[in-house]
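Here the structure is laid out as structure tokens; the discussion comes afterwards.
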Amino acid sequence: QVQLVESGGGLVQTGGSLRLSCAASGRTFSTYVMGWFRQAPGKEREFVATISRSGGITYYADSVKRRFTVSRDNAKNTGYLQMNSLKPKDTAVYYCAARRDRNDCDVRAYDSWGQGTQVTVSS
């Protein structure tokens, strides 16, 4: 497994932007698919985006398409989630996750998780 640490969360107004980072330990980050998930109070953890090992393949939840962009820099062992045009319904704890196999939007497919970072969007 790989150790993951998220950062970049905070409080932002509707329409604002945030960039989340996910720093991974070890020298094998490039061998992991990375995913982003979020969990709002009282709700289940849900898929946001995923990016392949090379960064060439990405998938997004319909709710964030054209607003969020997932990327990675394997040389820096870091993944990113750029969030634009934020809405109050985007308020949640955001988690990055990693797995060895192909891209997947199922939370159960990932075996390495960060501690999460809070994103709050005010109306």
Q. GNM on the chain, C-alpha springs below 10 Å: top fluctuator among Arg108, Arg72, Arg100?
A. Arg108
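At 0.36 nm per residue, minus the direct Cα-Cα distance, what do Lys65 and Val5 gain on full extension? Give it in nm, one decimal, please.
Numbers: separation 60, 0.36 × 60 = 21.60 nm, distance 2.42 nm.
Difference between extended and current length: 19.2 nm.
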**Q.** Amide proton proximity set for Lys87, modelled H, under 5 Å, gap of 5+
**A.** Gly15
Q) Tell me, which cysteines of the chain are without a disulfide-compatible partner by the Cβ under 4.7 Å rule? A) Cys105
Q.
Which residues does the label zone of Ile57 cover in the stretch 97-123, counting backbone N under 18 Å from a point 7 Å along Cα→Cβ?
A. 97-111
Q) Separation between the Ala23 and Asp104 pseudo-spin-labels, each 7 Å from Cα along Cα→Cβ, expressed in nm? A) 2.8 nm
Q: Treating only the Cβ atoms of Lys and Arg (+1) and Asp and Glu (-1) as charged, compute the dipole magnitude of the chain about its Cα centre; round to the nearest 20 debye.
A: 200 debye
Q) When only C-alpha pairs under 8 Å and at least 6 residues apart count, what is the relative contact order of the chain, in percent? A) 37 percent
(Q) If you only keep lysine pairs separated by 8 or more in sequence, or across chains, how many in the chain come under 21 Å at the Cα atoms? (A) 5
Q. Using the Kirkwood formula over every pair of different C-alpha atoms, what hydrodynamic radius in Å results for the chain?
A. 14.1 Å
Q: Using a Gaussian network model of the chain whose springs link C-alpha atoms within less than 10 Å, name the residue from Ser63, Ser71, Ser17 with the highest mean-square fluctuation.
A: Ser63
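Bear in mind that the values in this text are calculations on the coordinates, not laboratory data. Only a predicted model underlies this, so the values are computations on that prediction, with no experimental measurement involved. Cβ: placed from backbone, ideal geometry, glycine included. Neighbour counts: every protein chain shown.
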